[in-house]
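The values are calculated or read from the model by the stated rules, or taken from the named source; none is laboratory data. Keep in mind it's a predicted model, so treat the numbers as computed, not measured. So basically every Cβ, Gly included, is an ideal-geometry build from the backbone, and we count neighbours across all protein chains shown.
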Amino acid sequence: MSQPKIPDEQWAQVIEKDGGPITYKKIPVPKPRPDEVLVKIKYSGVCHTDLHALMGDWPLERKTPVVGGHEGAGEVVAKGEMVTKVEVGDYAGIKWLNSSCMSCTFCMQADESICPHAQLSGYTVDGTFQEYAVANAAHAARIPKGTDLAAIAPILCAGLTVYKGLKESGARPGQTVAIVGAGGGLGSLAIQYAKAMGLHVLAIDGGAEKGEFCKELGAMAYIDFTTAKDLVAEVKAAAGDEGLGPHAVLLLAPREKPFQQATGYVRSRGTVVCIGMPAGAMVSMPVFDTVTRMITVKGSYVGNRQDTQEAIDFFVRGLIKAPYKIVGLSEVQNVFDMMKESKIVGRYVVDMTK
Ligand SMILES: [Zn+2]
Ligand SMILES: [Zn+2]
């Protein structure tokens, strides 16, 4: 098989200082280390996390300069000599978790997202807003040949995150999950995954338009928090079963208030899963209720290699649709500007050839 030609230089979007703007410039093409693959990125989704990375919003140290992006889908064009399970020509995805140590207690239990030595694409190592990017071969997502690489890019972060959150909720087929922020990008994917997993969805968001959207995606009920008089009572009633409330709650909203309300309507023995991260927000709940109703509150953060393959599998089977718009690599800052003004519906995906 002829080896693909790999140039020495390439275009990239580089974070050079907190607050941006991100810099569109030429940089050298990276070389894969022995356990890494070099992926020719065809498409990369733009995630809210990329904007947080650019702005320096998080209490988490970032490399500077760093190439942004962590939802890259493309083709393997080179690999290190230790890589055996991935071949040149395979499709691969580069996600937020670029690598982990594989030997700490968390990695040993496939909890690699909480590995203290985890490397994060577009944050602690160069990400996918470049034509060629490297990732640890064991952590790179396997994407079946023939998959639409533009459409699958958002699954590598947003899809994986909500799918893992649903698994962490412990909700089983036939049970009800409330999804808060159901009309947003993460929410629309969560509704589809929940349905595919046999769960009934109670969608919560603001405005009639989002309600229509959630119902089209298969939500059995919609609660509009902007018009609800008593949100907790309405959610419990909508869940059926004599108002016992939903078995699980997925918190995807970028606001703090839902993080205070969820323990009020979750069913006794139910689980509240925090996924969205409103800046500086606190979770609070009455201790009495938490104890006497045996409520679990937990966080869920991306997913492991197996979760990734499962999330991809649902997509490949045609069960998940993520609406997206294509932009060129030079236009990433424009997407960030729209994000800042909350003007984005669906996801923007960068086409590396544009
Ligand atoms: Zn992301
Ligand atoms: Zn580890």
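Give the number of residues within region 340-354 that are surrounded by fewer than 18 Cβ atoms within 10 Å (Cβ to Cβ) and either in a strand (DSSP E or B) or not hydroxyl-bearing (Ser, Thr, Tyr) (or both).
Initially, region 340-354 is screened for residues surrounded by fewer than 18 Cβ atoms within 10 Å (Cβ to Cβ), giving 340-346, 351, 353-354.
Cutting the leftovers down to either in a strand (DSSP E or B) or not hydroxyl-bearing (Ser, Thr, Tyr) (or both) gives us 340-341, 343-346, 351, 354.
Of the residues in region 340-354, 8 are surrounded by fewer than 18 Cβ atoms within 10 Å (Cβ to Cβ) and either in a strand (DSSP E or B) or not hydroxyl-bearing (Ser, Thr, Tyr) (or both).
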Next item on the list: Starting from residues that are near ligand 2 (Cβ under 8 Å from one of its atoms) and buried (at least 21 other Cβ atoms within 10 Å of the Cβ), keep the ones in region 82-117 and report whichever is nearest to the chain's Cα centre (by Cα).
Entry: Glu112
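I'm trying to understand the selection: among the residues of region 1-41, which are among the β-branched types (Val, Ile, Thr) and not in a strand (DSSP E or B)? Don't jump to the end; show me each part of the working.
Within region 1-41, the first condition is being among the β-branched types (Val, Ile, Thr), and the residues that meet it are 6, 14-15, 22-23, 27, 29, 37, 39, 41.
Ile6, Ile22, Val29, listed by residue number.
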Item checked: The one condition in (1) surrounded by 16 or more Cβ atoms within 10 Å (Cβ to Cβ); (2) part of a helix (DSSP H, G or I) that Glu209 fails to fulfil -> (1)
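Considering only residues of region 122-158 that are more than 17 Å from the chain's Cα centre (by Cα), of a type in the set (Gly, Ala, Ser) and not in a loop (DSSP other than H, G, I, E, B), which is surrounded by the most Cβ atoms within 10 Å (Cβ to Cβ)? Outline the logic, then answer.
Step one: list which residues in region 122-158 are more than 17 Å from the chain's Cα centre (by Cα), which gives 124-126, 130-138, 144-148.
This time we only want the ones that are of a type in the set (Gly, Ala, Ser), so: 133, 135, 137-138, 146.
Still in the running and not in a loop (DSSP other than H, G, I, E, B): 133, 135.
On the way: Ala133: 33, Ala135: 30.
Here the residue is Ala133.
For residues that are charged (D, E, K, R) and assigned to a loop (DSSP other than H, G, I, E, B), scanning just region 91-121, find the one that is farthest from ligand 1 (Cβ to nearest atom).
If we filter region 91-121 for residues that are charged (D, E, K, R), which is where we start, we get 95, 111-112.
Keeping just the survivors that are assigned to a loop (DSSP other than H, G, I, E, B) gives 95, 111.
On the way: Lys95: 8, Asp111: 19 Å.
Filtering first and then ranking leaves Asp111.
Hey, among Ala279, Ala248, Ala311, Ala253, which residue is at negative phi, modelled with pLDDT under 95, within 22 Å of the chain's Cα centre (by Cα) and buried (at least 18 other Cβ atoms within 10 Å of the Cβ)? Please lay out each step first, then the result.
On the way: Ala279 fails: buried (at least 18 other Cβ atoms within 10 Å of the Cβ); Ala248 fails: modelled with pLDDT under 95; Ala311 fails: modelled with pLDDT under 95.
Testing whether each residue is at negative phi, modelled with pLDDT under 95, within 22 Å of the chain's Cα centre (by Cα) and buried (at least 18 other Cβ atoms within 10 Å of the Cβ) leaves just Ala253.
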Item checked: Among the residues listed as Asp313, Asp307, the single one being in contact with a Leu (Cβ under 7 Å, 6 or more places away or on another chain) and either in contact (Cβ under 8 Å) with a residue 40 or more places away in the chain or in a helix (DSSP H, G or I) (or both) -> Asp307
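Quickly run through region 316-334 and pick out the residues that are outside any loop (DSSP other than H, G, I, E, B) and under 23 Å from Phe213 (Cα atoms).
Pass one, region 316-334, residues outside any loop (DSSP other than H, G, I, E, B): 316, 324-334.
Scanning region 316-334 gives Val316, Tyr324, Lys325, Ile326.
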Next item on the list: Give region 83-127 a look and list any residue that's over 15 Å from Asn304 (Cβ atoms) and in contact (Cβ under 8 Å) with a residue 60 or more places away in the chain, or say none.
Entry: Val88, Gly89, Ile94, Gly122, Tyr123, Thr124, Val125, Asp126, Gly127
Next item on the list: Name every residue in region 50-81 that is within 13 Å of ligand 1 (Cβ to nearest atom), in a loop (DSSP other than H, G, I, E, B) and surrounded by 16 or more Cβ atoms within 10 Å (Cβ to Cβ), in order of residue number.
Entry: Gly68, Gly69, His70, Glu71
Next item on the list: Output the number of the condition that Tyr301 fails; it satisfies all remaining conditions of (1) within 16 Å of ligand 1 (Cβ to nearest atom); (2) touching a Gly at 6+ places or on another chain (Cβ under 8 Å).
Entry: (2)
Check: Quick one: is Lys215 basic (Lys, Arg), under 25 Å from Pro173 (Cα atoms) and at pLDDT 95 or above?
Finding: yes
Check: Which of (1) closer than 15 Å to Tyr265 by Cβ; (2) surrounded by 17 or more Cβ atoms within 10 Å (Cβ to Cβ); (3) among the small types (Gly, Ala, Ser); (4) free of Cβ contacts under 8 Å to residues at least 24 places away in the same chain does Gly243 not meet, given it meets every other one?
Finding: (2)
Margin query: Given the options Tyr301, Tyr265, name the one that is under 30 Å from Pro144 (Cβ atoms) and in contact (Cβ under 8 Å) with a residue 40 or more places away in the chain.
Written below: Tyr301
Note to self: Being charged (D, E, K, R) and over 26 Å from the mean Cα position of the chain (by Cα): is that true of Lys215 here?
What the structure shows: no
